[in-house]
Every structure is written in C-alpha cells, then in structure tokens.
C-alpha cells in the first residue's frame, strides 16, 4: 500500500516515524509537510498543493493547522488516493464542522474519508466520534491500515503463580506508538499494578491528543485515549486480581 502522510509538525512526524518503523514491509510511506499559514479564506486550495506529490492509495492527514483540511481534496486529485484518514485529536486542528465538510467533499469524489475522534478509536470496521457513539465504514485500504494501527490491542501473558505479567504482545499499536511503549513496560508488574500503570505510562509517553475539555465526551481527548488503553489492560488482568471484602466489626460496648 502506498501512503502519503500530510504533516505540519511533531505530532504528524511521530506518527509517520512509528508507521515506518513498525508497519508492514510492503507499505511505502511518503510525507508532505504542508504550509502552516493560510489566509482567512482560501480561495484556491490547489495553489498550495504541489503537482509532483507521489502517487498514493491512502492519505493520512496529520496536520496541526485547520486550513490543511481544505487542501486534502486537491491532494487526493494529485495523488490518485482512494481513501483518507483525518483524525480529530484536537478540535483546533480539525473542527467538527470542517471534518463534516471534508467527508462530504471526498464522498462527492468517490473517496472514503474517516475522522476518528480520537485517532486511537479507529478499528477495521468503525471509529469513535463521541461518548457512546461510533460510526461504521467500509473501505479495504483503511481497514488494512487499522489492522496494524488504531485502537490499541495488547495481548498480556500472566504468570498465575506470581500473578505478574510475564510477557506482552502488541496486536495493534496506537498510530503514535504509545501502545508499544506501554506494553514494553508492563512486563514484571503485578496484576494489581498493571491497569493504573498503563494509564500513567500513556501520559508519560506522552499522548499528544488535546487536553481541553471536548463537549462530545465531557472529558479531554487525552483522557479518552488513555482510557482506551487502560480498559484493554483491565479486561485481561481482571480474572487474576484478588478481591478483598472487609466485614465491619462489632460496635464497642
């Protein structure tokens, strides 16, 4: 698969570096650093898009500037891409109204576009957009990408005798590489420590999703992202945790 990553800063650069390091060997990953400054109204978006961008099947829009979204249809025309992933890890980078417009523009072109909020909510069949709400999609290119990168999926091996994590495997990494970072540091921890430590490690990586309260979730997108990873770990260690019950004592006479 030929992938073009559209970036403007460190957020997108980290994502592409992780995809190159841990994605399938047959993937070819190119990048284009888009402009970071635009006029209030972009009259001719095509003027900002180079005509010599490499051919691509899938475009990943990791820009940290809202105006870049208006360039994506022209990026698709130049590259011949058939699908686009434009995550919402910050409403400042891709406001919900602009995300809706982008999906519409690309749908009119016959191109599938998903806007997962946050990016690590993406799976092979759907993605998150708000608390308790997911949107289904059908596209083989996006599904192929999401088999490797998207909603973190760790496979933990627990030593039952010591109730510690003896090994971890990353079935699906977060696009930024956070899941792999966390997995490597869970080995040796007790089943009681694993879930809270996964949350702490997620913050220490650190996650680059927004720390502002998002109205669709009533929480920060960084916390939403961290909870996805914590929940994955919690489900696997829960059968091994010891639940302690405290019986109240008798009142003193």
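Taking residue 65, is it at pLDDT 95 or above and either under 28 Å from residue 124 (Cβ atoms) or surrounded by 15 or more Cβ atoms within 10 Å (Cβ to Cβ) (or both)? In short, no. For the range 207-218, the tally of residues that are free of Cβ contacts under 8 Å to residues at least 40 places away in the same chain and farther than 18 Å from residue 149 by Cβ stands at 3. In the set 190, 171, 143, 162, only one residue is assigned by TED's automatic domain parsing to the domain that holds residue 207, under 21 Å from the mean Cα position of the chain (by Cα) and more than 17 Å from residue 69 (Cβ to Cβ); that residue is 171. With respect to the stated conditions, residue 94 is under 19 Å from the mean Cα position of the chain (by Cα), touching a residue at least 24 places away in the same chain (Cβ under 8 Å) and in a loop (DSSP other than H, G, I, E, B). Checking each residue in the range 136-178 for being touching a strand residue (DSSP E or B) at 6+ places or on another chain (Cβ under 9 Å), outside any loop (DSSP other than H, G, I, E, B) and more than 21 Å from residue 229 (Cβ to Cβ) picks out 136, 140, 141, 142, 144, 159. Consider the range 174-187 and keep the residues that are over 18 Å from residue 241 (Cβ atoms) and more than 18 Å from the chain's Cα centre (by Cα). The one that is surrounded by the most Cβ atoms within 10 Å (Cβ to Cβ) is 185.
For the range 20-49, a residue qualifies if it is buried (at least 16 other Cβ atoms within 10 Å of the Cβ) and either more than 21 Å from residue 78 (Cβ to Cβ) or not assigned by TED's automatic domain parsing to the domain that holds residue 92 (or both), and exactly one does: 23. Note on the range 206-219: among residues that are within 16 Å of the chain's Cα centre (by Cα) and surrounded by fewer than 18 Cβ atoms within 10 Å (Cβ to Cβ), the one that is farthest from residue 133 (Cα to Cα) is 206.
The values are calculated or read from the model by the stated rules, or taken from the named source; none is laboratory data. No experiment lies behind these values; they were computed from the predicted model shown. Note that each Cβ is placed from the backbone with ideal geometry, even for glycine, and that neighbours are counted across all protein chains shown.
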